[in-house]
Amino acid sequence: MSKVRKADTVTERGSICGTTYLANPACSIITRSRVAPRQQRTAAQGRSRSAFSVGVSRWITLTEAQRRAWQAYGSSVIHQTPTGSRVLGGRGAYVAQIAYSQYINTHPNFSGTPIVLSDESPIDPGLPWLMQVGYVPLSSAGVGFELQSQWFYPRPMIYSAVRSRGYFGSRNYPANSFLEHTAIFGTVPGTSSLSLPFTGLVEGQVYFCRLRMMGTNSDDRRLTDPVIVRCIATLTT
């Protein structure tokens, strides 16, 4: 890869706007296009990459009629992102559904019945919505919080919840990935509520929890958007 050597005018190192700045003994700085790592660094990242690959591979094998059905469903799916909302589309909706099921099935913390998905699109349009997602202090002695949610989706669902590391101060968004060893999985009936305790934390620190659900009926495996909740660990005596 071509590199550009620069004079002693820049001493910072790192990547910005797609360019990586590196120092070496010959000169103060070398610039080159940033190259994404070829290998993931953790087992959790490897599982995520594998789950996405399974979804993409299965999409390729769908019939034209199945793809059209997914495109019709995908046009009704409005996905919320940090920069706004967008239509997910058929391929995106299908791959997300398959990848999420693979994420659960291969996670070391999951001990339930493996999820088996068909290639047929959901009957109902759109996404189920999680309602009133938040947190409360622990109901028993300890330092932490309980992640809570309520919804009015009438069918059973499977959920996954995971937290970040702790932060001091007024941080409003996690700075890095969530800690997969803290993941909790389970199933709940329709039109219900959920309370998940996270314990053994540091009092006063800020934690972020990500909650997502998927329908368990064979004819409706729709996903919710992932919801991230900012929580503060408190002491319950």
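The values are calculated or read from the model by the stated rules, or taken from the named source; none is laboratory data. Only a predicted model underlies this, so the values are computations on that prediction, with no experimental measurement involved. All Cβ positions, glycine included, derive from the backbone under ideal geometry; neighbour counts span all protein chains shown.
Things worth noting here:
- In the set PHE208, PHE185, PHE178, only one residue is under 18 Å from PRO226 (Cα atoms), among the hydrophobic types (A, V, I, L, M, F, W, C) and not in a strand (DSSP E or B); that residue is PHE178.
- Residue check, ARG163 of a type in the set (Lys, Arg) and modelled with pLDDT of 95 or more: yes
- Out of ARG68, ARG155, ARG86, ARG91, one residue alone is among the charged types (D, E, K, R), assigned to a strand (DSSP E or B) and surrounded by fewer than 18 Cβ atoms within 10 Å (Cβ to Cβ). It is ARG86.
- Tally of residues being outside any loop (DSSP other than H, G, I, E, B), among the polar types (S, T, N, Q) and either surrounded by 11 or more Cβ atoms within 10 Å (Cβ to Cβ) or not assigned by TED's automatic domain parsing to the domain that holds MET214 (or both) across the stretch 105-136: 2
- Screening the stretch 181-209 for residues that are touching a Lys or Arg at 6+ places or on another chain (Cβ under 8 Å) and touching a residue at least 24 places away in the same chain (Cβ under 8 Å) and picking the one that is farthest from GLY166 (Cα to Cα) gives GLY190.
- Counting the residues of the stretch 123-152 that are within 30 Å of ARG67 (Cβ to Cβ) and either at pLDDT 95 or above or over 21 Å from the mean Cα position of the chain (by Cα) (or both) gives 3.
- Filter result for VAL206 (over 18 Å from ASN109 (Cα atoms) and assigned by TED's automatic domain parsing to the domain that holds PRO108): yes
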